[in-house]
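J.: My questions will all concern the structure given below.
The values are calculated or read from the model by the stated rules, or taken from the named source; none is laboratory data. All figures in this text were calculated on a predicted structure; none of them were measured in a lab. Glycine gets a Cβ as well: all are built from the backbone with ideal geometry, and neighbour counts include every protein chain shown. Each accessible area value is taken on the protein alone, full model and side chains, heavy atoms only, with ligands, DNA and RNA left out. Shrake-Rupley method; radii C 1.70, N 1.55, O 1.52, S 1.80 Å.
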Amino acid sequence: MRIPDAKVALSTASVYPESTATAFEIAARLGYDGVEVMVWTDPVSQDIEALRRLSDYHRIPILAVHAPCLLITQRVWSTDPWVKLQRAKAAAEKLGATTVVVHPPFRWQRQYARDFVSGIWRMANETDVRFAVENMYPWRYRDREMLAYAPDWDVTKDDYRHFTIDLSHTATARTDATQMIDRMGDRLGHVHLADGNGSNKDEHLVPGRGTQPCAELLERLARTGFDGHVVIEVNTRRAMSSAEREADLAEALAFTRLHLASAVKVPRR
């Protein structure tokens, strides 16, 4: 078999509650092609020079930067969401990353949400870095549902140059992942690979442990010559030890490489 060119990266969020620095160490040891830096409350994740030193020391590139869009990161890199995106773009450019991952605004960020689609296009036109807007999901509590994101959690309802598909989020949204990928078409620029069973909680299971079409997506990417990155973004918080966490991340990498390769036919000589 021939492995296609798509690079497989480890999200630094996948080692939480361990540190950003630990993610670089694990990614290098397991043989990942790079990392995606989740910018969050860990000071190292916010420090471009510290990230550059980690990348150089472990000889592993930073392929993407995830802008600080979470509830817990509302004060990271400013309280102004546009400043956050500008800083994420600058970090990606300085670190050699090709993609900035961004969530749609929270509904209560009214001005930001009103200008979000046109603002993302404006920023995308200023750089070679891809702004890949990620699909989200409704928030649910018992039988109640809240639409927390605007313009919409289903980002395919709006016009963006690039999308990120997250299969844990499609599970939580209880939407058809294959149909969403079809709607994204050739604007699918980035993948967060994880699994889920449709729980109210965003599960981020190791691929293959839930109901999402993880294998089918990878095989499709290989057949269509996908030129973005596949990022393992899984939840290992329940791991009982560092060894158990590392085993989960090794399994996720093996699953991803297996299914990327299985769709590639090598011509007979």
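J.: If I go through region 231-243 residue by residue, how many of them are modelled with pLDDT of 95 or more and either touching a helix residue (DSSP H, G or I) at 6+ places or on another chain (Cβ under 7 Å) or of a type in the set (D, E, K, R) (or both)?
T.: So the answer is 4.
J.: Residue 22 fails exactly one of the following numbered conditions: (1) farther than 18 Å from residue 233 by Cβ; (2) without any contact (Cβ under 8 Å) to a residue 12 or more places away in the chain. What is the number of that condition?
T.: (1)
J.: Then there's this: Take region 108-128 and flag every residue that is in contact with a Lys or Arg (Cβ under 6 Å, 6 or more places away or on another chain) and either of a type outside the set (A, V, I, L, M) or crowded, with 21+ Cβ neighbours inside 10 Å (or both).
T.: Correct list: 127 only.
J.: Take region 77-103 and flag every residue that is small (Gly, Ala, Ser), assigned to a loop (DSSP other than H, G, I, E, B) and within 19 Å of the chain's Cα centre (by Cα).
T.: Listed by number, the residues that qualify are 96, 97.
J.: Oh, and also: Restricting attention to region 5-16, which residues are surrounded by fewer than 18 Cβ atoms within 10 Å (Cβ to Cβ) and either assigned to a helix (DSSP H, G or I) or in contact with a His (Cβ under 7 Å, 6 or more places away or on another chain) (or both)?
T.: Answer for region 5-16, where residues must be surrounded by fewer than 18 Cβ atoms within 10 Å (Cβ to Cβ) and either assigned to a helix (DSSP H, G or I) or in contact with a His (Cβ under 7 Å, 6 or more places away or on another chain) (or both): just 7.
J.: Among the residues of region 142-155, is there at least one that is buried (at least 21 other Cβ atoms within 10 Å of the Cβ), under 15 Å from the mean Cα position of the chain (by Cα) and touching a residue at least 12 places away in the same chain (Cβ under 8 Å)?
T.: Yes, region 142-155 has at least one match.
J.: Oh, and also: Give the residue, chosen from 78, 19, that is of a type outside the set (A, V, I, L, M), more than 21 Å from residue 218 (Cα to Cα), open to solvent by 20 Å² or more (accessible area, probe 1.4 Å) and touching a Lys or Arg at 6+ places or on another chain (Cβ under 9 Å).
T.: Going through 78, 19 in turn, the sole match is 78.
J.: Collect the residues in region 144-170 that are among the hydrophobic types (A, V, I, L, M, F, W, C) and in contact with a strand residue (DSSP E or B) (Cβ under 7 Å, 6 or more places away or on another chain), keeping them in residue-number order.
T.: Hits for region 144-170 are 146, 148, 155, 163, 165, 167.
J.: Is it fair to say residue 227 is at pLDDT below 95 and in contact with a helix residue (DSSP H, G or I) (Cβ under 6 Å, 6 or more places away or on another chain)?
T.: So residue 227 does not fit the description; no.
J.: Here's something else I'd like to know. Name, by its number, the condition in (1) free of Cβ contacts under 8 Å to residues at least 60 places away in the same chain; (2) farther than 24 Å from residue 208 by Cα that does not hold for residue 132.
T.: (1)
J.: Out of 120, 72, report the one residue that is in contact with a strand residue (DSSP E or B) (Cβ under 6 Å, 6 or more places away or on another chain), of a type in the set (Val, Ile, Thr) and not in a strand (DSSP E or B).
T.: 120
J.: Among the residues in region 164-175, are any within 17 Å of the chain's Cα centre (by Cα), under 30 Å from residue 22 (Cβ atoms) and open to solvent by 10 Å² or more (accessible area, probe 1.4 Å)?
T.: The answer is no; no qualifying residue exists.
J.: Output the number of residues of region 188-241 satisfying the condition of being open to solvent by less than 30 Å² (accessible area, probe 1.4 Å) and not in a loop (DSSP other than H, G, I, E, B).
T.: Total meeting the criteria: 17.
J.: Right, next: Do we have residue 105 as surrounded by 15 or more Cβ atoms within 10 Å (Cβ to Cβ), more than 21 Å from residue 22 (Cβ to Cβ) and free of Cβ contacts under 8 Å to residues at least 40 places away in the same chain here?
T.: no
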